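This report concerns only the one structure given below.
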Amino acid sequence: MRMPLRVEQDIFVVRQLGREVARAAGMEQQDQTRLATALSEVGRVLLAAGHSADVVFEAELNGVPRLRVAVVSPQSGNIAELKLQLGQVGRLVDTLEVGDGEPGTVVWMARRLPASAPRLTPERMDEIRAGLSEHVPGTPLDELSVQNQQLIAALNEVRAQRDDLARLNAELEETNRGVMALYNQLSQELEETNRGVVALYAELDEKSEQLRTASEAKSRFLANVSHELRAPVTAVIGLARLLNDPASDPLADEQRRQVELISSSAGDLLTLVNDLLDLAKAEAGRMEPEWAEVDLRAVFGQLRGTLRPLATRPEVDFVVEEPSVPMLRTDELLLTRVLRNLLTNAIKFTAEGEVRLAVRTVDDDVEFTVVDTGTGIPPELHERIFEEFYQVPGSRAITGKGTGLGLPYARRLAGILGGGLRVASTPGRGSTFTLALPVNPS
Ligand code: ADP
């Protein structure tokens with residue numbers, strides 16, 4: 001559609017037509033007013049600058065459908081000045097460009113059509129064109145009244161929006177107050193919690209310090225007491241032996257029996273004292289391993305020789321395998337003590353079947369296993385047996401003695417050697433104690 005813009009009167013007509021085109025293309029009321037207003041402003045500015053122009057309406061249908069309006073003047077003018085004057089008008093439409101028409105001046109405007117607008121098929125365009133050609137332009141007075149109505153509608157809308165805005169602001173303020181209150185409460189709670197945590201940590205530090213001192217005191221006490229006890233107990237044993245010596249004055253049978261009792265009790269006491277002393281030393285961290293390349297065949301050979309006399313039950317096979325790992329960097333004395341401890345236990349608690357010592361490499365460790373087919377240990381006691389003095393209920397009846405210090409000591413030594421000691425056991429089936437030592441102790 002095209003129409004001329006020559007005299008002031010035409011501005012009204014262009015304005016009316018612009019609104020009609022926008023309506024026919026499916027724009028909403030507000031957008032119709034925007035486009036019409038933009039068009040009349042462009043017309044007014046161009047006429048005031050001494051231009052005469054043609055207004056061309058086009059529909060742009062590829063991509064997002066838009067209504068495009070070109071206001072084409074054959075005269076060239078000051079483009080920069082026009083741009084300045086139309087700056088505000090540009091806000092009424094999506095795009096507004098002022099350019100050189102070669103020759104002349106062109107103002108392009110475009111506004112998107114809403115998604116709800118009916119599709120602009122060629123037939124629909126023909127229809128719109130036919131409808132608009134019958135359009136009879138109203139008088140300036142008519143246009144003034146339409147404009148007034150639009151102004152009133154716009155003002156109403158602005159007021160409604162302002163009210164909405166005020167309501168929203170009030171709500172927002174309320175919410176803000178709520179959020180602030182919540183925030184204050186939370187940060188107060190957080191602060192309180194933090195204070196609590198700090199106090200707790202301080203207490204924890206203090207307690208662990210106390211614990212450390214207590215544990216050191218215990219080890220010192222054990223070491224001193226057992227050391228002090230060793231001499232008199234040894235003396236008792238010696239004196240008892242002397243009393244029972246055939247070279248001494250002969251004793252009555254009852255007396256001999258009593259002296260033997262003294263001697264055996266003192267022997268038990270000495271074992272306990274020695275065990276305690278060992279454990280105290282290991283716990284005090286005063287034990288420095290002497291690292292060396294240890295020949296495991298020799299260690300196994302020695303264990304085989306010294307423990308065979310203990311494995312007296314014919315129903316029990318005592319097997320020390322040939323070590324599949326010939327050498328290991330460790331402390332020979334400590335390693336031997338741990339293994340002897342485990343083997344002695346296994347022999348004590350096995351009535352029939354087998355006690356077997358073996359060694360193999362597992363990942364970065366060398367694992368020594370002492371497997372027996374003895375009484376076994378209930379699963380809930382697997383950790384307790386590593387506590388000092390703990391003995392599985394009933395086991396004293398089987399062995400007759402024992403201090404309950406062997407396993408805690410063995411585990412200490414395993415730690416000193418850079419490894420660990422663990423147990424797997426099923427009651428009635430037997431136990432497997434595994435000493436894992438690093439191939440490369442640091
Ligand atoms: P002790 O042997 O002197 O009693 P230990 O610390 O060596 O002390 O062992 C603690 C307890 O663990 C033992 O009293 C026994 O109840 C249990 N135990 C240890 N080794 C075995 C084993 N091979 N089979 C069954 N029970 C065992």
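The values are calculated or read from the model by the stated rules, or taken from the named source; none is laboratory data. What you see is a predicted model; the values in this text were computed from it and never measured. Note: ideal-geometry Cβ built from the backbone for every residue, glycine included; neighbour counts use all protein chains shown. The area values use the complete protein model at the heavy-atom level, side chains included, leaving out ligands, DNA and RNA. Shrake-Rupley method; radii C 1.70, N 1.55, O 1.52, S 1.80 Å.
Quick one: grab Rg to one decimal and Dmax as a whole number for the stretch 73-180, Cα atoms only, in Å.
For the stretch 73-180, the Cα-based Rg and Dmax read 21.8, 65 Å.
Using amide H atoms built 1.01 Å from N in the peptide plane, name the residues 5+ places from T105, or on other chains, whose amide H lies under 5 Å from its own.
S73, Q75
Accessible area of the stretch 231-389 with a 1.4 Å probe: how many percent of it is carbon plus sulfur? Working shown, then result.
Working: 4810 of 8880 Å².
Carbon-and-sulfur percentage of accessible area, whole number: 54.
Helix 29-48 sits at what angle to the longest principal axis of the chain, using alpha carbons and giving 0 to 90 degrees rounded to 10?
Tilt relative to the chain: about 50 degrees.
Among DSSP beta bridges whose residues both lie in the chain, state the antiparallel percentage, nearest 5.
Values: 52 of 57 bridges.
Within the chain, antiparallel bridges account for around 90 percent of the total.
If you find the alpha carbon centre of the stretch 22-57 and of the stretch 315-392, how far apart are they in angstrom?
Cα centroid to Cα centroid, the span is 101 Å.
Roughly how far apart, in whole Å, are the Cα centres of the stretch 217-291 and the stretch 81-151?
With the stretch 217-291 and the stretch 81-151 each reduced to a Cα centre, they are spaced 116 Å.
Rank these residues by their accessible area, most exposed first, probe 1.4 Å: S248, S442.
S442, S248
If you bin the C-alpha pair distances of the stretch 253-339 every 10 Å from 0, what whole percents do you get?
With 10 Å bins starting at 0, P(r) equals 13, 28, 31, 20, 7, 1.
Per the Kirkwood formula on distinct C-alpha pairs, the Rh of the stretch 74-130 is how many angstrom? Walk me through the numbers before you get to the answer.
Values: mean 1/r = 0.0729 Å⁻¹.
The Cα-based Kirkwood calculation yields 13.7 Å.
Loop only by DSSP, 15 or fewer other Cβ within 10 Å of the Cβ. Give me the GluC sites (Glu not before Pro) in the stretch 7-72 that pass, ordered by residue number.
Working: sites: E8, E20, E28, E41, E58, E60; in loops: E28.
Taking the stretch 7-72 and a limit of 15 other Cβ atoms within 10 Å, the loop GluC sites (Glu not before Pro) found are E28.
If amide hydrogens are placed 1.01 Å from N in the peptide plane, which non-local residues have theirs closer than 5 Å to the one on V366?
Result for V366 returns L437, V439.
What angle do you read, to the nearest 10 degrees and between 0 and 90, between the alpha-carbon axis of helix 296-307 and the longest principal axis of the chain?
50
Work out the length of the dipole vector of the stretch 292-438 about its Cα centre, built from +1 on the beta-carbon of each Lys and Arg and -1 on the beta-carbon of each Asp and Glu, and round it to the nearest 20 debye. Don't jump to the answer; show the numbers that get you there.
On the way: 17 positive and 19 negative charges, 107 e Å.
The calculation lands at about 520 debye.
Past the 22 angstrom mark, what percentage of all C-alpha to C-alpha distances in the stretch 146-283 do you count?
Values: 6907 of 9453 pairs.
Above the 22 Å cut-off, the stretch 146-283 has 73 percent of its Cα pairs.
Output wanted: per-residue J couplings in Hz (rounded whole) for the stretch 103-112, from phi through Karplus 6.51 cos²θ - 1.76 cosθ + 1.60, θ = phi - 60°, x for Gly and Pro.
Calculated HN-Hα couplings, in order: x, x, 9, 10, 10, 9, 9, 8, 9, 5 Hz.
From the phi of every residue in the stretch 408-419, what ³J(HN,Hα) in whole Hz does the Karplus formula 6.51 cos²θ - 1.76 cosθ + 1.60 yield, where θ is phi - 60° and glycine or proline is x?
Residue by residue, the stretch 408-419 yields x, 5, 4, 5, 4, 4, 4, x, 4, 7, x, x Hz.
Show me, for the stretch 156-165, the HN-Hα J-couplings you get by feeding each phi into the Karplus relation (A = 6.51, B = -1.76, C = 1.60, θ = phi - 60°), rounded to Hz, glycine and proline as x.
Using θ = phi - 60°, the values come out as 4, 5, 4, 5, 4, 5, 5, 4, 4, 4 Hz.
Which one, L211, P122, V93, projects farthest toward the positive side of the charge dipole computed for the stretch 92-215 from Cβ point charges (K/R +1, D/E -1)?
Among L211, P122, V93, the one farthest towards the positive end of the dipole of the stretch 92-215 is P122.
Amide H neighbours of V316 under 5 Å, counting only residues 5+ apart in sequence or on other chains, H built in-plane at 1.01 Å?
G353
Around A280, with a cut-off of 14 angstrom between Cβ atoms, what is the net charge of the other residues, counting Lys and Arg +1 and Asp and Glu -1? Mind showing how you got there, number by number?
Values: positive: K218, R220, R230, K281, R286, R412; negative: E216, E228, D275, D278, E283, E388.
So the surrounding residues net to 0.
Mind checking the full-extension length gain between R159 and Q9? Use 0.36 nm per residue of separation minus the Cα-Cα distance, one decimal, nm. Write out the running numbers ahead of the final one.
On the way: separation 150, 0.36 × 150 = 54.00 nm, distance 3.27 nm.
Length gained between R159 and Q9: 50.7 nm.
Taking a quarter of the surface of the Cα convex hull of the chain, what do you get in nm²?
Values: hull surface 189.3 nm².
With the hull built on Cα positions only, its mean projection is 47.3 nm².
Return one number: the angle in degrees, 0 to 90 and rounded to the nearest 10, between the long axis of the Cα atoms of helix 332-348 and the longest principal axis of the Cα atoms of the chain.
Rounded to the nearest ten degrees, it is 80.
Percent relative contact order of the stretch 1-125, based on C-alpha pairs within less than 8 angstrom and at least six residues apart? Could the numbers behind the result be given before it?
Working: 217 pairs, mean separation 32.4, N = 125.
Contact order relative to length: 26 percent.
Please state the relative contact order of the chain as a whole percent: Cα pairs under 8 Å, 6+ residues apart?
On the way: 594 pairs, mean separation 40.0, N = 442.
For the chain, the relative contact order is 9 percent.
Evaluate the charge dipole of the stretch 146-283 about its Cα centre and quote only its size in Debye, nearest 20, assuming +1 on the Cβ of each Lys and Arg and -1 on the Cβ of each Asp and Glu. Provide the component values of the computation, followed by the final result.
Working: 14 positive and 24 negative charges, 30 e Å.
So the magnitude is around 140 debye.
At 1.4 Å probe size, with every protein chain present, just tell me what the per residue accessible area of the chain comes to in Å².
Values: 26420 Å² over 442 residues.
Using a 1.4 Å probe on heavy atoms only, each residue of the chain averages 60 Å².
Across every pair of different alpha-carbon atoms, what Kirkwood hydrodynamic radius in Å does the stretch 2-138 reach? Mind dumping the intermediate values first?
On the way: mean 1/r = 0.0664 Å⁻¹.
That comes to 15.1 Å for the stretch 2-138.
Quick check on the chain: helices-only [θ] at 222 nm, where DSSP H runs of length 4 and up contribute -39,500 (n - 2.57) each and the sum goes over total residues. Nearest 500, please. Walk me through the intermediate numbers first.
Values: 10 runs with 238 residues, N = 442.
Helix contribution divided over all residues of the chain: -19000 deg cm²/dmol.
Give me the percent of accessible area attributable to carbon and sulfur for the stretch 2-138, probe 1.4 angstrom.
Details: 3640 of 7220 Å².
Roughly 50 percent of what the probe reaches on the stretch 2-138 is carbon or sulfur.
Taking only Cα atoms of the stretch 233-283, what ratio of Rg to Rh do you get with Rh as the Kirkwood inverse-distance radius? Don't jump to the answer; show the numbers that get you there.
Values: Rg = 14.0 Å, Rh = 12.0 Å.
A ratio of 1.17.
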